[in-house]
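The values are calculated or read from the model by the stated rules, or taken from the named source; none is laboratory data. Because the structure is predicted, anything quoted here is derived from the model rather than measured. Note: ideal-geometry Cβ built from the backbone for every residue, glycine included; neighbour counts use all protein chains shown.
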Amino acid sequence: MFFCCCFSVGVFAQEQLPSFKLNRTNQLSADWLIYRPETNHFSLYIPEYHGQTGALYQWVDIRSEQPFPINFTAKKDLSLFIDNQLLFTADSAATYSLDLNQLFKTEKPGRHLLCIWHPTEQPDYNTFGNVSEIRVATPSAPLKNEVWDKARHYPNYNAFIIFLLLIGLLYGGLRTNYTSDFQSLFRVSNFFRYSALEEGLLAKPISSWSSILFVIAFSLSFALVIVAIHTNIQNIVIFNRLFAVSETDITSRILFYAFLIFSFILLKYLFLSLMGYIFDLTPLVSLQYREFIRTFLFMGIFLPLIMVLYLALNTVMPQMVLLVSNIAVSIILVVTALRIAYTLNKKVLLRNLHLFSYICATEIIPLIILLKLIVFNY
């Protein structure tokens, strides 16, 4: 049906669309069109009026002797057409940079119809932009070098700053109102004491108010770092393939990831209980979960520092910030798994093959999955 639509557009649109002169060559504009089959005309696309659509169009003035570089963020299966000719299909959700003149060979300079189309969702047309050409002049050879500066869509940092302040207030409130729990959790000496697992916050059930508030603070901190990593490369790969999360609303993404992390921490106990029953190691479940909570929450106190680094340096050293963020997330996940194995080894020797299989099922395999989802996709 889509190709029939494109065919009708190619045959009739040129005659029925009022002619107008484009004032830019080899550049995209911000005005996208929608095809109206009942009138066989194009009209300016207005999201509030037309709603969601799978195909958007734009007339572009192409000159073959000049490059036509563009960049955009695409979900998997997004396709680009010019004059009903398929040029590109995204094989995964990512940010792409293309030169349309390399993909579309034409001997006829002039106006051509660009179409972006997705089979199930509306294309994120707001991310389509031109790559600016900047000529750098040097005293010996003026205008000799050409530098292509890829347009980088930096996120709105206001949401990150507001959530960072909220996390600071939350930790401050916890330190004031739950002083003994705060010290039992974040005192460095307690982190290395085996007996500390039976004291303070760790002695309380996870359903207590103080435990829930500490988990919420950690979930928001971890969510900020993960969202910053994904926003930094304009790529929502992890959960966007399963759930429809807005790519432009950073606040909804932060809350979405925080909810997933919070749910993961709470459901971890049910998972351990099930695996403990299967392996007949139920007495270890409580000890393992308390070590999991202690390590996660203790290391989570340093995540706001990663966010401060992100806000300060992302615009000038994005690759370095991305690397540091990924390393920080990896350290939290790996150290948590190692600490749990070390703590359980104090109670039952890991040379027991049965216990080693239990550790692999409850910690090692989930660790590999989380590293693959969060870190190694980038």
| task | Find all pairs meeting these conditions: Cβ atoms under 6 angstrom apart; at least six residues apart or on different chains; first residue within segment 171-193 and surrounded by 11 or more Cβ atoms within 10 Å (Cβ to Cβ); second residue not in a helix (DSSP H, G or I). | result | Ser184/Glu199; Phe186/Ile301
| query | Where residues in segment 334-375 are assigned to a helix (DSSP H, G or I) and charged (D, E, K, R), which of them is farthest from Ala196 (Cα to Cα)? | reply | Lys372
| query | Could you give every pair whose Cβ atoms fall below 9 Å, whose first residue belongs to segment 333-346 and is aromatic (Phe, Trp, Tyr), and whose second residue is assigned to a helix (DSSP H, G or I), counting only separations of at least 6 or pairs across chains? | reply | Tyr342/Glu291
| query | Just a yes or no: is a residue in segment 252-267 assigned by TED's automatic domain parsing to the domain that holds Ala217, part of a helix (DSSP H, G or I) and closer than 16 Å to His354 by Cβ? | reply | no
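What strands (runs of 3 or more DSSP E) completely inside segment 66-121 contain at least 2 residues that are within 23 Å of the chain's Cα centre (by Cα), assigned by TED's automatic domain parsing to the domain that holds Gly54 and over 21 Å from Leu33 (Cβ atoms)?
94-99
Does Gln288 meet the test of being in the same structural domain as Ala196 (by TED's automatic domain parsing) and in contact (Cβ under 8 Å) with a residue 24 or more places away in the chain?
Here the answer is yes, as Gln288 does meet what is asked.
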| message | For segment 360-378, give me each residue that is within 20 Å of the chain's Cα centre (by Cα), of a type in the set (Val, Ile, Thr) and either more than 23 Å from Ala94 (Cβ to Cβ) or at pLDDT 80 or above (or both). | response | Ile368, Ile369
| note | Scanning segment 60-99 for residues that are among the aliphatic types (A, V, I, L, M) and free of Cβ contacts under 8 Å to residues at least 40 places away in the same chain gives Leu80, Ile82, Leu86, Leu87, Ala90, Leu98
| Does Ser330 qualify as being surrounded by fewer than 19 Cβ atoms within 10 Å (Cβ to Cβ), touching a helix residue (DSSP H, G or I) at 6+ places or on another chain (Cβ under 7 Å) and not charged (D, E, K, R)? | yes
| query | Is segment 305-315 home to any residue that is outside any helix (DSSP H, G or I) and surrounded by 20 or more Cβ atoms within 10 Å (Cβ to Cβ)? | reply | yes
| query | Got a sec? Which of Ile327, Ile306 is modelled with pLDDT of 85 or more and either in contact with a Cys (Cβ under 8 Å, 6 or more places away or on another chain) or under 27 Å from Gly200 (Cβ atoms) (or both)? | reply | Ile306
| query | With respect to Thr53, is the statement that it is farther than 16 Å from Asn130 by Cβ, modelled with pLDDT of 80 or more and among the β-branched types (Val, Ile, Thr) true? | reply | yes
| said: Step by step: first the residues of segment 268-277, then only those that are of a type outside the set (Gly, Ala, Ser) and free of Cβ contacts under 8 Å to residues at least 40 places away in the same chain, then the one that is farthest from Thr295 (Cα to Cα). Which residue is that? | reply: Tyr277
| Does Phe279 satisfy the criteria of being assigned by TED's automatic domain parsing to the domain that holds Ile369 and within 26 Å of the chain's Cα centre (by Cα)? | no
| query | Do the conditions hold for Gln27, that is, is it touching a Phe, Trp or Tyr at 6+ places or on another chain (Cβ under 9 Å), under 21 Å from Thr106 (Cβ atoms) and part of a strand (DSSP E or B)? | reply | no
